[in-house]
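The block underneath contains the structure these notes are about, expressed in structure tokens.
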Amino acid sequence: MDQKMMRKKAENIVKELTLKEKIGMIHGAQLFQTAGVERLGIPPLKMSDGPMGVRQEFYPASWMSKNLSDDYVTYLPCNSALASTWNRTLAHDMGSVLGEEARGGGKDVILAPGINIKRSPLCGRNFEYFSEDPYLTKELAVPFVQGVQLWDVAACVKHFAVNNQETERLWVDVEIDEEALRTIYLPAFYDTLMKGGSYTVMGAYNKIHGEHCCQSDFLLNKILREEWGYDGTVISDWGAVHDTKLAAESQLDIEMSVTYDFDSYFMADPLYEKVEKGEIDEAVIDEKVERILLLMMRLHMLDGERKAGAYNTPEHREKTLEIARESVVLLKNEKNRLPLDASGLKKILVVGDNAEAIHSCGGGSAEIKALYEISPLMGIKMLLGGNVQVDYARGYCRDEKTEDSDVNWQEASLENGGGGTKAASESEETAARRVQLRKEVISMAPEYDAVIFVGGLNHDQDSEGNDRPDMKLPYEQDALIRELLTVRPDTIVVLTGGSPVEMGEWIDMADTLVWGWYAGMEGGRALAEVLFGKTTPSGKLPETFYKMHTDCSAHCVGEFPGDDKVRYREGVFVGYRYNDTFGVEPRFCFGHGLSYTTFDYDNPAAVIEENDIFVTCDITNTGAREGKEIVQVYTAPWERKDNQPVQELKGFEKVALQPGEKKQVKIRLEGLAGRCEIRIGSSSRDIRLRLNTKK
Ligand code: BGC
């Protein structure tokens, strides 16, 4: 059926529905489900989180887990990990795995991907998002969405828009200039919805220019529908609606929330009453229902030809491993200590809580009930087998006291502005225990052939509802790493987490540093493969690793997390756009990531084909190992205007090369305007070739 016929059919169905039935379809009747209309064969719409896999089942009207034995799933890498692969094919594959699993679990809408721009490294949900760069975000999010929707499941791109912090997330009012909004924060939404064809979008919790996003005339009516012409379904974030009339008359289609009194949702009984009294025109409800029916037809929910999907397949686990492999970023390898040669090792020491920590079950709505999760320690042991003795020492510990609560965090998530800034609370006992753990490690370390430290963050820091107060490594890890490097200067430092950390004075002592993200169920195996050279690292940072958070523009202008308002006074100068323009040295720059081999760049040229500019160049693998290089293209205007960054990413390609092999890469440049220098490089600060445009 074509779109026109679908619309006609939707219009006809709407005519047969009663007001009550229509209202049932536009709000949650369960925590993750709307009401269907059985007499007309309209099913309910079933939704689930989220970005890293399909979430466990909850009771319809309670945030208690059903504790089923059959809702364990494939645990995928987080979006930051995916973004550091810079691999469009893998993004499509990851979407496809997620879509197939969602459909396999009987879902209609999967609440992913999260595509908000990383405005500050402190945002607690950054691990769910891709990048600080709109171009990189959309280049990966579009194929992701298309992959999901291959399976007759809708993607739900979130959170529309400018949802860049957790502190006061329900009430914070974002004040942003039009240019920053349109060049930094909206492009990935435009592309995923209008080019990627995402069938649904989730409105954000926060306000923009004084209006809550889920009932915003500016965002939903003017931009999304009128300007972009989006005809998909707009779903609210859970508890993001605040007013019946505003929501009904905005272009929001479905109200969801975290509370169980479904009939009292703003778009439930209160809406019914207002329509009955003539205060709201029933036509606005008809429009919403038509769009929901259109969605159902697109997903083949109203005819019988729908794909079945599947979950926990071996192919899904294999894809997860491939993504995890390419997500590892080698930040430093000054003495070429990596890869480690397993044949020369008799016993190694693995240190650090993150070596054995399990992360899948944390983070907020992105939590996963993983079929399994291979930790770095397990990955290392699995790879080395029985010929190398692998010992483990924890080295540092989290704060032992945990707060027990009967209330699921999500049930309480509408309290206190929806989120805050979480500082670590440490007890004296914990501090003493850490001294003890460090002592133990320091005395053990000299006895081993190699020492691998695996630390970083966990979902106590990277989590929905919380921003970090700073980028410091928690649990006194700075002291531990420094002490370790003093006795073992050859310690391999591995940090895993969802957002960058401040690296203490140990950074100048460490000559080897590896970054891993929450990399899914196969993350530990992938990391081990990189450490021991079975995989050549090929990830590059999708965001700036600042020396400290105060080097980030949002903090420089004193606008994070703001108060009741947050003014995006840094404008378009987000991430490297700020650092490069204003000469702020990052710890590791955007696009940085090393390999075990080397690449030579040569022969640059620019060609115009139809209306597009393409850059070509030759890349040669000049080392002894196979490897993949991410060739990045930045443009730098000749005459920079005040509101223009000195350079911006406009294209990239990832190329695989055998030792000695040479390939020509061809990269389409995105929206090139005006005279500029074209910079081709291995990172934003490692430019290898330059060209000038003629006009
Ligand atoms: C989050 C959304 C999520 C929803 C449903 C909200 O707290 O902001 O991203 O999809 O809950 O769990």
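The values are calculated or read from the model by the stated rules, or taken from the named source; none is laboratory data. Just so it is clear, the structure is predicted and the values come from calculations on it, not from any experiment. Cβ placement follows ideal geometry from the backbone for every residue including glycine, while neighbour counts extend to all protein chains displayed. What goes into the accessible areas is simple: the full protein's heavy atoms, side chains included, and nothing from ligands, DNA or RNA. Shrake-Rupley method; radii C 1.70, N 1.55, O 1.52, S 1.80 Å.
Of all residues in the stretch 29-53, which are of a type in the set (S, T, Y) and closer than 15 Å to D263 by Cα?
Within the stretch 29-53, T34 is the sole residue that qualifies.
What residue, among those in the stretch 365-376 that are among the small types (G, A, S) and either closer than 20 Å to G105 by Cβ or not in a loop (DSSP other than H, G, I, E, B) (or both), is nearest to the ligand (Cβ to nearest atom)?
That would be S365.
Please name all residue pairs, on different chains or six or more residues apart, with Cβ atoms under 6 Å, provided the first residue is in the stretch 142-161 and is outside any helix (DSSP H, G or I) and within 15 Å of the ligand (Cβ to nearest atom) and the second residue is of a type in the set (D, E) and modelled with pLDDT of 95 or more.
H159/D237
Among the residues of the stretch 346-354, is any under 28 Å from the mean Cα position of the chain (by Cα), at pLDDT 95 or above and open to solvent by 20 Å² or more (accessible area, probe 1.4 Å)?
Checking the stretch 346-354: not a single residue is under 28 Å from the mean Cα position of the chain (by Cα), at pLDDT 95 or above and open to solvent by 20 Å² or more (accessible area, probe 1.4 Å).
Determine, yes or no, whether V162 is open to solvent by 20 Å² or more (accessible area, probe 1.4 Å) and among the β-branched types (V, I, T).
no
Given the conditions (1) away from the ligand (no atom under 16 Å from the Cβ); (2) open to solvent by 10 Å² or more (accessible area, probe 1.4 Å), which single one is not true for K207?
(1)
Quick one: in the stretch 13-33, which of the residues that are under 13 Å from A283 (Cα atoms) and in a loop (DSSP other than H, G, I, E, B) is farthest from the ligand (Cβ to nearest atom)?
Residue satisfying both the conditions and the ranking: T18.
Could you list, in sequence order, all residues of the stretch 671-695 that are at pLDDT 95 or above and either open to solvent by 60 Å² or more (accessible area, probe 1.4 Å) or of a type in the set (V, I, T) (or both)?
Once the filter is applied, which keeps residues that are at pLDDT 95 or above and either open to solvent by 60 Å² or more (accessible area, probe 1.4 Å) or of a type in the set (V, I, T) (or both), the stretch 671-695 yields I678, I680, R685, I687, R688, R690.
Can you report the number of residues in the stretch 563-582 which are under 30 Å from G210 (Cα atoms), open to solvent by 60 Å² or more (accessible area, probe 1.4 Å) and either free of Cβ contacts under 8 Å to residues at least 24 places away in the same chain or not basic (K, R) (or both)?
The number of residues fulfilling the criteria is 3.
Taking the stated definitions as given, is A10 within 16 Å of the ligand (Cβ to nearest atom), surrounded by fewer than 24 Cβ atoms within 10 Å (Cβ to Cβ) and farther than 27 Å from H459 by Cβ?
No: the conditions fail for A10.
From the residues in the stretch 536-562 that are open to solvent by less than 10 Å² (accessible area, probe 1.4 Å) and aliphatic (A, V, I, L, M), which one is nearest to E653 (Cα to Cα)?
L541
Step by step: first the residues of the stretch 43-76, then only those that are surrounded by fewer than 16 Cβ atoms within 10 Å (Cβ to Cβ) and within 23 Å of P314 (Cβ to Cβ), then the one that is farthest from the ligand (Cβ to nearest atom). Which residue is that?
Per the stated criteria, the residue is S69.
Of these, E585, E610, which one is under 29 Å from the mean Cα position of the chain (by Cα), open to solvent by 10 Å² or more (accessible area, probe 1.4 Å) and charged (D, E, K, R)?
Selected residue: E585, the only one of E585, E610 that is under 29 Å from the mean Cα position of the chain (by Cα), open to solvent by 10 Å² or more (accessible area, probe 1.4 Å) and charged (D, E, K, R).
If you go through the stretch 373-400, how many residues are within 23 Å of T313 (Cβ to Cβ) and either without any contact (Cβ under 8 Å) to a residue 12 or more places away in the chain or open to solvent by less than 70 Å² (accessible area, probe 1.4 Å) (or both)?
4
Quick check, is E179 farther than 26 Å from D108 by Cβ, in contact (Cβ under 8 Å) with a residue 60 or more places away in the chain and within 14 Å of the ligand (Cβ to nearest atom)?
For E179, the condition - farther than 26 Å from D108 by Cβ, in contact (Cβ under 8 Å) with a residue 60 or more places away in the chain and within 14 Å of the ligand (Cβ to nearest atom) - is not met.
Those residues that are over 19 Å from F266 (Cα atoms) and in a loop (DSSP other than H, G, I, E, B), I need them from the stretch 45-59; list them, please.
Residues satisfying the conditions are D49, G50, P51, M52, G53, V54, R55, Q56, E57, Y59.
Can G533 be described as open to solvent by 10 Å² or more (accessible area, probe 1.4 Å), in contact (Cβ under 8 Å) with a residue 60 or more places away in the chain and farther than 23 Å from A81 by Cα?
Taking the combined requirement at face value, the residue does not satisfy it.
Looking only at the stretch 638-670, count every residue that is open to solvent by less than 40 Å² (accessible area, probe 1.4 Å) and not in a strand (DSSP E or B) and tell me the total.
Final tally of qualifying residues: 3.
Can you spot a residue in the stretch 104-113 that is part of a helix (DSSP H, G or I) and more than 16 Å from the ligand (Cβ to nearest atom)?
Within the stretch 104-113, one or more residues are part of a helix (DSSP H, G or I) and more than 16 Å from the ligand (Cβ to nearest atom).
With E415, E429, E403, E440 as the choices, which residue is of a type outside the set (G, A, S), at pLDDT 95 or above and surrounded by fewer than 16 Cβ atoms within 10 Å (Cβ to Cβ)?
None of the others qualify; the one that does is E440.
Quick one: in the stretch 186-203, of everything that is of a type in the set (S, T, Y) and open to solvent by 10 Å² or more (accessible area, probe 1.4 Å), which residue is farthest from D253 (Cα to Cα)?
Y190
Considering each residue of the stretch 308-338, count those that are within 25 Å of S69 (Cβ to Cβ), assigned to a loop (DSSP other than H, G, I, E, B) and open to solvent by 40 Å² or more (accessible area, probe 1.4 Å), and give that number.
2
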